[in-house]
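Working notes for the structure below.
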Amino acid sequence: MADKKKKNLPPDAQEYQTFHDKREVKRPILKNCIKAFLVGGFICFIGQLITTFYIYFFNFTEQTAGSPTVATLIFITMLLTGFGVYDRIGQFAGAGTAVPVTGFGNAVISSAIEYRTEGFILGVGSNMLKLAGPVIVYGVFSAFVIALIKTILIQWGGL
Amino acid sequence: MPVKRWLLIASMIAVIAGCNTDDSVLEPAGSPNNDIELMKISKDHQLDQHISNQAKDSMRKYAEVTAAKAVNTDKKMLMAVEVKHNERFNLANIKKQLKKEMEEQFPHITVEFSTDKKIILELDRLEKEIQKDIAYSPKKLEKELDKLISLSKEQT
């Protein structure tokens, strides 16, 4: 497909394209993956510590400790985002900070901070979920599809 | 693209292999597992805990179990076990198997079974309290046990 596009370009542009391709700095995919893995894993490690803390010191079981853990993690993210630390971590680790629930929290909180100047209703209220909205929509939708598949498999396949 | 097709086939095989539900995941080991962490309530105690003691003992045949706690009243028993960490992938099946086994072994009482860390901690505390206090009242035990059973069933 890239070649097809290239043929339609004038010769100068084609030449430039090859020149550009040669000099372009390659994305260090493996390095990024390792960074994301380590930082994401560290966030999950903190989450596990919080879960264990709730199990040992409060009346939560492994089943029920999940919700307060998520709340605590999002609270920590809120502080880090507000102080501008989370952006730095995000820049370093990429998807490692975006995939855990802290990334979701960051997406909501940072847009809330950004649109604060436009007022609470039309600013914060309407823009807060701009980035997180799709996550909710497709999360709910894919959960529905998976539940449908599971129900069908259980009804017919007897799994 | 043959590579993509192979990837698809491999992932399908992985999914199908993952869906394989084998009921008996734990096999009895040849020699009894003596590393298991369990405490027996003495027979002279006012509260009859021999069912729990038996239940805990019967966990010795599995090498994968690392701790077993149980407390019972006349009508019900709450039992919790901890398994080796890499066996936790099979936790649901292990729970099912052991629960069935305990129900078969003690058909005259209701058996509640858990693999939750919190239940293990609480049962450990309860066992120690019972052991320490010779005059632990059956009413109090009933109340504590009911509380723990409802805790073990909490979902949210």
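The values are calculated or read from the model by the stated rules, or taken from the named source; none is laboratory data. Treat the numbers as computed from the prediction; the structure is a model and nothing was measured. All Cβ positions, glycine included, derive from the backbone under ideal geometry; neighbour counts span all protein chains shown. For accessibility, only protein heavy atoms count, side chains too; no ligands or nucleic acids. Shrake-Rupley method; radii C 1.70, N 1.55, O 1.52, S 1.80 Å.
Can you list which of the trypsin sites (Lys or Arg not before Pro) found in the stretch A:1-109 are DSSP loop residues with at most 16 other C-beta atoms within 10 Å?
A:LYS26
In degrees between 0 and 90, to the nearest 10, how far off the longest principal axis of chain A does helix A:29-57 point, with axes built from Cα atoms?
For A:29-57 against chain A, the angle is about 10 degrees.
Just going by the charge dipole of chain A, with Lys and Arg at +1 and Asp and Glu at -1 on Cβ, which of A:ILE89, A:ALA107, A:THR51 is farthest out on the positive end?
A:ILE89
Where in chain B are the helices, taken as whole DSSP H runs, whose Cα atoms extend 18 angstrom or more along the long axis and whose Kyte-Doolittle mean reaches at least -1.0?
B:2-18, B:117-132, B:138-153
If you fit an axis through the alpha-carbon atoms of helix A:11-23 and take the longest principal axis of the Cα set of chain A, what angle between them do you get, 0 to 90°, nearest 10?
Rounded to the nearest ten degrees, it is 50.
Let me spell out the model: positive unit charges on the Cβ of Lys and Arg, negative unit charges on the Cβ of Asp and Glu, origin at the Cα centre of the stretch A:28-128. What dipole size does that give, in debye rounded to 20?
Dipole about the Cα centre, nearest 20: 260 debye.
Per the Kirkwood definition applied to all pairs of different Cα atoms, how many angstroms is the hydrodynamic radius of chain B?
17.2 Å
Run the helix sum for chain B: -39,500 (n - 2.57) per DSSP H stretch of 4+ residues, divided by residue count, reported at 222 nm to the nearest 500 deg cm²/dmol.
When only DSSP H runs of four or more count, the value is -15000 deg cm²/dmol.
Please build a GNM for chain B, connecting alpha carbons under 10 Å apart, and tell me which residue among B:SER137, B:SER42, B:SER11 fluctuates the most.
B:SER11
Computing the accessible area with a 1.4 Å probe over protein heavy atoms, can you report the carbon and sulfur percentage for the stretch A:28-128?
Summing carbon and sulfur atoms, their accessible area is 73 percent of the total for the stretch A:28-128.
To make sure I understand the rule: partners must be aspartates and glutamates, Cα under 17 Å from the Cα of B:LYS43, and not fewer than 8 residues away in the same chain. Which ones qualify?
Filter leaves B:ASP57, B:ASP74, B:GLU127, B:GLU129, B:ASP133.
Where the centre of each part is set by its Cα atoms, how far does the stretch A:28-45 sit from the stretch A:48-88, in angstrom?
20 Å
Which lysines, if any, have their Cα less than 16 Å from the Cα of B:LYS153, not counting same-chain residues under 8 positions apart?
Those lysines meeting the cut-off are B:LYS76, B:LYS95, B:LYS96, B:LYS99, B:LYS117, B:LYS118, B:LYS143.
Multiplying the sequence separation of A:ARG116 and A:PHE37 by 0.36 nm and subtracting their Cα-Cα distance, what value in nm do you get?
This chain segment gains 25.1 nm when fully extended.
Taking the 0 to 90 degree range and rounding to the nearest ten, how far is the long axis of helix A:101-114 tilted relative to the main principal axis of chain A, both from C-alpha atoms?
It is inclined by approximately 70 degrees.
Work out the count of Lys pairs in chain A where the Cα-Cα distance is under 25 Å, with the pair 8 or more places apart or on different chains.
10
Expressed as a whole number of Å, what is the distance separating the alpha-carbon centroids of the stretch B:65-105 and the stretch A:111-130?
Between the Cα centres of the stretch A:111-130 and the stretch B:65-105 lies a distance of 51 Å.
Report, by chain and number, residues whose modeled amide H sits under 5 Å from the one on B:GLU37, excluding near sequence neighbours (fewer than 5 apart, same chain).
B:ALA67, B:ALA68
222 nm [θ] for chain A, helices only, -39500 (n - 2.57) per DSSP H run of 4+, per residue, to 500?
Value at 222 nm, helices only, nearest 500: -23000 deg cm²/dmol.
How much area per residue is accessible in chain A when the probe is 1.4 Å and only protein heavy atoms are counted (Å²)?
With the other protein chains kept in place, chain A gives 76 Å² per residue.
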